[in-house]
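The values are calculated or read from the model by the stated rules, or taken from the named source; none is laboratory data. This structure is a prediction, so every number in the text was calculated from the model and none was measured. Note that each Cβ is placed from the backbone with ideal geometry, even for glycine, and that neighbours are counted across all protein chains shown. In case anyone asks, the SASA skips ligands and DNA or RNA and just uses the protein heavy atoms, side chains included. Shrake-Rupley method; radii C 1.70, N 1.55, O 1.52, S 1.80 Å.
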Amino acid sequence: NAGVTQTPKFQVLKTGQSMTLQCAQDMNHEYMSWYRQDPGMGLRLIHYSVGAGITDQGEVPNGYNVSRSTTEDFPLRLLSAAPSQTSVYFCASRAAGGGVGYTFGSGTRLTVV
Amino acid sequence: SQKIEQNSEALNIQEGKTATLTCNYTNYSPAYLQWYRQDPGRGPVFLLLIRENEKEKRKERLKVTFDTTLKQSLFHITASQPADSATYLCAPHKDSNYQLIWGAGTKLIIKP
């Protein structure tokens, strides 16, 4: 099925560990974004990409890295996990142009202890 | 700073009635506004997009209005059903090369 695939669905990390959240889409979308969602708050943009080889920071980029070597994949790396990074992470993609909504993955629930 | 406000309290509606959700924004002049539905444990799902020059947009039982003077969008679900129970998110944005700014969402509960 076409869509955005995120792995893993759940992850527990110890403080200081690093890991990569995977995101892949098969819709040939140019735009991809990573968000975090915390209780009582709106989705907050971490990093985004407008095409392969192009990435930029969002609202809350500290502690995270991204790369976009292909149109399909947009991994998010946590460099040194902290308890403040406990959250639900969503990857989303959309086609270029106005008037288009985002397609979201099912999310990764991350707990840092 | 830009602020998007949605009613943080859950909205309880009787089945068959019209549910109306509100999205207010301040310090911002979006050209577009999107609405999404989110079920527990799932990612948001895109529902509707309305442009600033469109006062109203409809899709099946859904209707969205966009009042740039009041800085407000209203989201209506007519003939509501228990399956409409979910959290609804609004996200205004400026242009086609946009990054969305998200409200925290309103939880809608439709009672049979």
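What translational diffusion coefficient, to the nearest whole µm²/s, does chain B have by Stokes-Einstein, given a Kirkwood radius computed over alpha-carbon pairs, a temperature of 10 °C and 1.306 mPa s viscosity?
113
First measure r as the distance between the Cβ atoms of residue A:109 and residue A:26, then evaluate 1/(1 + (r/R0)^6) with R0 = 30 Å and state the FRET efficiency to the nearest 0.05.
0.85
With the crude spin-label approximation of a point 7 Å out along Cα→Cβ, what separation in nm comes out for residue B:8 versus residue B:69?
Once both label points are built, they end up 3.1 nm from each other.
Could you tell me the extents of the protein assembly as shown's C-alpha atoms along the three principal axes, largest first, rounded to whole Å?
So the three principal-axis extents are 50, 39, 36 Å.
Assigning unit charges at the beta carbon (Lys, Arg +1; Asp, Glu -1) and nothing else, what dipole magnitude in debye, to the nearest 20, does chain A show about its Cα centre?
340
Under 1.5 on a/c is rounded, so check that first for region B:1-58, then, if it is not, pick prolate when a/b is larger than b/c and oblate when it is not; a ≥ b ≥ c are the square roots of the alpha carbon gyration tensor eigenvalues.
Taking the square roots of the gyration eigenvalues as a ≥ b ≥ c, region B:1-58 is prolate.
Please report, in cubic angstrom per residue, the volume enclosed by the convex hull of the alpha-carbon atoms of chain A.
Here the figure is 97 Å³ per residue.
How big is the antiparallel share of DSSP beta bridges in the protein assembly as shown, given as a percent to the nearest 5?
Roughly 90 percent of the DSSP beta bridges within the protein assembly as shown come out antiparallel.
Is the C-alpha gyration tensor of region A:1-46 telling us rounded, prolate or oblate? Criteria: a/c under 1.5 is rounded; beyond that, a/b larger than b/c is prolate, otherwise oblate.
It is oblate, given that a/c is not under 1.5 and a/b is not larger than b/c.
Report the net charge of residues surrounding residue B:71, where surrounding means a beta-carbon distance below 15 angstrom and charges are Lys +1, Arg +1, Asp -1, Glu -1.
Value of the local net charge: 0.
How many angstrom lie between the C-alpha centres of region A:1-40 and region A:87-113?
Each part's Cα centre sits 7 Å from the other's.
For residue A:64, what charge total do you get from the other residues with a beta carbon under 15 Å from its beta carbon, if Lys and Arg give +1 and Asp and Glu give -1?
+1
Could you tell me what percent of the accessible area of region A:5-108 is made up of carbon and sulfur, with a 1.4 Å probe and every protein chain present?
Carbon and sulfur atoms account for 51 percent of the accessible area of region A:5-108.
Please compute the alpha carbon radius of gyration of region B:55-112, then divide it by the globular-protein estimate 2.2 N^0.38 Å. Two decimals is fine.
1.28
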